[in-house]
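Q: Right, I'll just put the structure down here and ask away after.
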Amino acid sequence: MTRSIVLLAERHRSRIIRVGVLSVLLSALPMVGLATIQASAFLVLAAVVGLLGLPVAFLYPNVGPVVILSAATATEWYVSKGITPALALTALFTGVWLAKRVILKQRIDVVKSPVVPSALAFILVAVISLPWGKAMADPFLIYWDGFDLIQLAQLAVLVLSPVALILTASLITTKRHLAVLVYSYIAFTSVGILAEFLRLPFHLNLRGLTSTWAVGLMYGQLLFNKKLSNWLRIVLVAVISLWLYVRLWQGITWLSGWLPVAVCMGVITFLKSKKVTLFLVVLVFLSVVLFQGFWKEIWMAEQAESGESRFDKWTFLFKHHSTLGHWFLGTGPFGYAKYFMTYFPGYSASTHSNYIDLFLQMGVVGCAAFVWLVGAIAWVGYRLCTTRIGDSFLSAFVRSGLGGLAAVLVAMFLGDWFTPFVLNQGLHGFSWTVNSWIFLGALVAVPSIRRAGEERDP
């Protein structure tokens, strides 16, 4: 009898585990409700992510990128410390992924790509820059309560961003995984922009480069995916038009709101047809010449809104070398803020440029690691573009990924963050930037998908 029970348990082991996990979750829900009433928001987030996310991360790790991206897009909610569900889930899925290897001795497959060493190098430089910045700090700097905690928060963002890339590249192993990631994001963001346009009493997180990735993913599928049905093409055209109307027409004075979108679409168009791209460039040039008054007004409005402060800040930074003097490994995560507070009190520590921000925090070594990382991603995308891909969905996504990468590099120049600065955005800025890291990680995953024989259209 006992032996029969044991054999039966062994045969249905996985099903028993799932039922057990579900039972624990259901029994724990009342505790979550009690925590909502009596505990802090941080404890509530920890309880929800732990009780709901941990079993999912353990049993179904491949859904990690979709869960993280959905959490980042679906809500802007964050707890008092600025920790968002997207940030917590990234740490959770990464921790479970590593624990299965270290503790349970299970095999985990890290994607084989030249991008991984470059991402790890970026993480290593970010970690080293923290003690380096403290050791090389000017002796007269003024510190304030909580500064060390803010530095650790900034370091967490600098580390978890490339970790999200590696995690996505390693967990997206099939075309189905990638399709779910892409189309769920398109669905979420389409609902979000429609709600914004109609002024509905709810909103989703459309900050950062959400418009760039949403439009870029749809535009790439329109141009390169031969399997799209006609009705889906009509829907995608309508949603893209809505995005362009809201971001380009209504928000024309916000340069970083529409220029990355234009760059992304331009790169995708170039990869489809160089002649059409040349025609569009000529068309834009003629519009600037023929409607100089209109564009001059737009330029002056943009300068008044953000441009003058941006260029003034860059000029100020290059005139004062108290922070730029730490050129080798920088001042460490968030480190240059204390220089501003000490030597230029009352002057904003924001740089309005992600490039300058990286240089001040991580020095030339960090910038070199970043160039290596971006170059490796671009090389993977270029190799894919010059190789015949049998699946039109994958081919379209690769073009969208390259367009998105180009847009990210332009947006960083304008001050739209790729590695968020906690002084400006807090830790919740991670939810505004993680989409770029996840989709670039998905681009890195495409060669592995093809090698696994998933590239053929069904």
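The values are calculated or read from the model by the stated rules, or taken from the named source; none is laboratory data. Since this is a predicted model, take the numbers as computed values, not measurements. Note that each Cβ is placed from the backbone with ideal geometry, even for glycine, and that neighbours are counted across all protein chains shown.
Q: Residue pairs, Cβ under 6 Å, 6 or more apart or interchain, first in the stretch 251-277 and in contact (Cβ under 8 Å) with a residue 12 or more places away in the chain, second of a type in the set (Ser, Thr, Tyr) and surrounded by fewer than 20 Cβ atoms within 10 Å (Cβ to Cβ). List them.
A: 269/277
Q: Across the stretch 74-94, which residue is surrounded by the fewest Cβ atoms within 10 Å (Cβ to Cβ) among those that are modelled with pLDDT under 85 and polar (S, T, N, Q)?
A: Only one residue tops the list, namely 80.
Q: Restricting to the stretch 418-458, and then to whatever is crowded, with 23+ Cβ neighbours inside 10 Å and small (Gly, Ala, Ser), can you tell me which residue is modelled with the lowest pLDDT?
A: Applying the filter and picking the extreme gives 429.
Q: Let me ask something else. Could you please find all residues in the stretch 128-151 being farther than 14 Å from residue 328 by Cα and either in contact (Cβ under 8 Å) with a residue 24 or more places away in the chain or of a type in the set (Asp, Glu) (or both)?
A: Listed by number, the residues that qualify are 138, 140, 141, 142, 143, 144, 145, 147, 148, 150, 151.
Q: Which of (1) at positive phi; (2) without any contact (Cβ under 8 Å) to a residue 60 or more places away in the chain is the odd one out, the single condition residue 363 does not satisfy?
A: Only one criterion in (1) at positive phi; (2) without any contact (Cβ under 8 Å) to a residue 60 or more places away in the chain is unmet by residue 363, namely (2).
Q: Something else now. Determine the pairs where a residue that is in the same structural domain as residue 121 (by TED's automatic domain parsing), located within the stretch 372-386, has a partner that is not in a helix (DSSP H, G or I) with Cβ atoms under 8 Å apart, the partner being 6 or more residues away or on another chain.
A: Hits for this filter: 376/113; 376/114; 379/114; 380/113; 380/114.
Q: When both residues are 6+ apart or on different chains and their Cβ atoms are under 6 Å apart, which pairs have a first residue that lies in the stretch 95-115 and is assigned by TED's automatic domain parsing to the domain that holds residue 167 and exposed (fewer than 12 other Cβ atoms within 10 Å of the Cβ), and a second that is among the basic types (Lys, Arg) and modelled with pLDDT of 75 or more?
A: What qualifies is 106/100.
Q: For the stretch 392-415, state whether one or more residues are among the charged types (D, E, K, R), at pLDDT 85 or above and within 17 Å of residue 445 (Cα to Cα).
A: yes
Q: While we're looking at this one, here's another question. Considering only residues that are in contact with a Pro (Cβ under 7 Å, 6 or more places away or on another chain) and assigned to a helix (DSSP H, G or I), look in the stretch 168-188 and name the one that is surrounded by the most Cβ atoms within 10 Å (Cβ to Cβ).
A: In this case the residue turns out to be 168.
Q: Moving to a separate point now. Residue 450 - would you say it is touching a Leu at 6+ places or on another chain (Cβ under 9 Å) and outside any loop (DSSP other than H, G, I, E, B)?
A: Against the criterion (touching a Leu at 6+ places or on another chain (Cβ under 9 Å) and outside any loop (DSSP other than H, G, I, E, B)), residue 450 qualifies.
Q: On to the next question. In the stretch 113-167, which residues are among the polar types (S, T, N, Q) and outside any loop (DSSP other than H, G, I, E, B)?
A: Within the stretch 113-167, 118, 129, 151, 154, 161 qualify.
Q: What about residue 258, is it of a type outside the set (Asp, Glu), in the same structural domain as residue 418 (by TED's automatic domain parsing) and crowded, with 20+ Cβ neighbours inside 10 Å?
A: yes
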